[in-house]
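See structure below.
Every number here is computed from the coordinates shown, using simple stated rules; none is lab data. Treat the numbers as computed from the prediction; the structure is a model and nothing was measured. We place every Cβ from the backbone using ideal geometry, glycine too, and count neighbours over all the protein chains shown.
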Amino acid sequence: MGGRGSGAVPVCVAYQRLAVPAAGEVMSFNPNKRSPAVTRYVLPELRYDFGALEPHLSGKIIELHHGRHHRLYVDGANRAVEELIEARRRDDFQHIAAIQRALAFNVSGHVLHSIYWQNLSPEGGGRPTRALAQAIDRDFGSFDAFKKQLTRVAATIMGSGWAALVWEPVSCRLGTTQIKDHQGEVTQGSVPLLVLDAWEHAWYLQYGADKARYFEAIWNLWNWDDAAARLEGAQKLDPVLAMAVEAPGEEARLPH
């Protein structure tokens with residue numbers, strides 16, 4: 001195993017915790033073999049039954065949301081990867097812009113939904129504790145202020161999108177971001193910790209036109225332990241950006 005600068009190809013840490021694939025799906029990876037084969041995106045199994053989040057989210061919504069909508073993004077992501085591989089093989093990049101858009105949309109949709117399912121829990125709700133609670137108080141002023149801000153971020157999305165609590169590693173602070181569709185208008189480098197799906201398929205079947213009730217109900221389901229674990233991991237990231245921020249009260253660290 002080589003260290004940084006040794007020329008060794010790093011193995012993605014995600015391979016160390018691959019989910020068990022669904023029946024008929026094969027997931028394999030050989031870091032020492034150079035081949036066109038790639039690990040495919042798969043639909044993760046839920047950690048709870050479809051009806052476990054009731055009455056806040058109906059079992060029918062969860063079943064359709066996970067099994068139909070999320071699966072579409074998984075299939076679309078794999079298709080886009082295959083199209084990129086074929087474009088390289090043919091040395092034909094005529095449609096590269098469309099392929100990249102499809103890749104960004106579907107991979108982002110897959111990632112956000114995968115986080116969303118883990119962000120929710122039948123035993124969720126209440127308030128975060130320990131490090132996450134302290135970070136929220138520091139960066140938002142209070143939990144109530146954070147809740148109001150994230151809910152308003154979701155409620156003011158034009159069309160489809162997500163609201164997210166993120167860790168911004170340059171300033172080392174929590175923040176919120178309003179994501180257009182699955183991939184637009186994001187803050188580069190930010191790591192999503194808690195994501196609120198504002199697409200209609202996440203709530204309309206149960207709440208109709210009253211999406212504000214959905215935005216309120218979901219606070220009874222947040223898995224704060226999951227968000228805290230994501231924060232712990234995100235805080236270890238180093239964006240390797242020199243002189244990009246200044247601490248409060250300090251002069252800007254700019255070259256003279």
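Answer yes or no as to whether Ile179 is in contact (Cβ under 8 Å) with a residue 60 or more places away in the chain, closer than 23 Å to Arg68 by Cβ and hydrophobic (A, V, I, L, M, F, W, C). The answer is yes for Ile179.
Does region 107-121 hold any residues that are in contact with a Leu (Cβ under 7 Å, 6 or more places away or on another chain) and closer than 13 Å to Pro44 by Cα, and which are they?
As a first pass, look at region 107-121 and keep what is in contact with a Leu (Cβ under 7 Å, 6 or more places away or on another chain): 117, 119-121.
Hit for region 107-121 is Trp117, nothing else.
From Arg101, Arg89, Arg79, grab the single residue that is more than 29 Å from Glu216 (Cα to Cα) and in contact with a Pro (Cβ under 9 Å, 6 or more places away or on another chain). Give the steps one after another, and end with the answer.
On the way: Arg101 fails: in contact with a Pro (Cβ under 9 Å, 6 or more places away or on another chain); Arg79 fails: in contact with a Pro (Cβ under 9 Å, 6 or more places away or on another chain).
Result: Arg89 is the single residue among Arg101, Arg89, Arg79 that is more than 29 Å from Glu216 (Cα to Cα) and in contact with a Pro (Cβ under 9 Å, 6 or more places away or on another chain).
Among the conditions (1) closer than 30 Å to Lys60 by Cβ; (2) out of contact with any Gly (no Cβ under 7 Å at 6 or more places or on another chain); (3) among the acidic types (Asp, Glu), Asp238 misses just one, which is (1).
Residues are listed down the side, and each one gets a yes or a no for (1) assigned to a helix (DSSP H, G or I); (2) more than 22 Å from the chain's Cα centre (by Cα):
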{"site": "Pro55", "(1), (2)": "no, yes"}
{"site": "Ile61", "(1), (2)": "yes, no"}
{"site": "Leu64", "(1), (2)": "yes, no"}
{"site": "Gly67", "(1), (2)": "yes, no"}
{"site": "Asn78", "(1), (2)": "yes, no"}
{"site": "Glu83", "(1), (2)": "yes, yes"}
{"site": "Ala87", "(1), (2)": "yes, yes"}
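Listed by first and then second residue, the pairs linking a residue in region 124-142 that is touching a residue at least 40 places away in the same chain (Cβ under 8 Å) and surrounded by 14 or more Cβ atoms within 10 Å (Cβ to Cβ) to a residue that is β-branched (Val, Ile, Thr) and not in a loop (DSSP other than H, G, I, E, B), with Cβ atoms under 8 Å apart and 6 or more places separating them unless they lie on different chains, are Pro128/Ile136. A count restricted to region 99-145 and to residues that are among the small types (Gly, Ala, Ser), more than 30 Å from Gly76 (Cβ to Cβ) and assigned to a helix (DSSP H, G or I) stands at 4.
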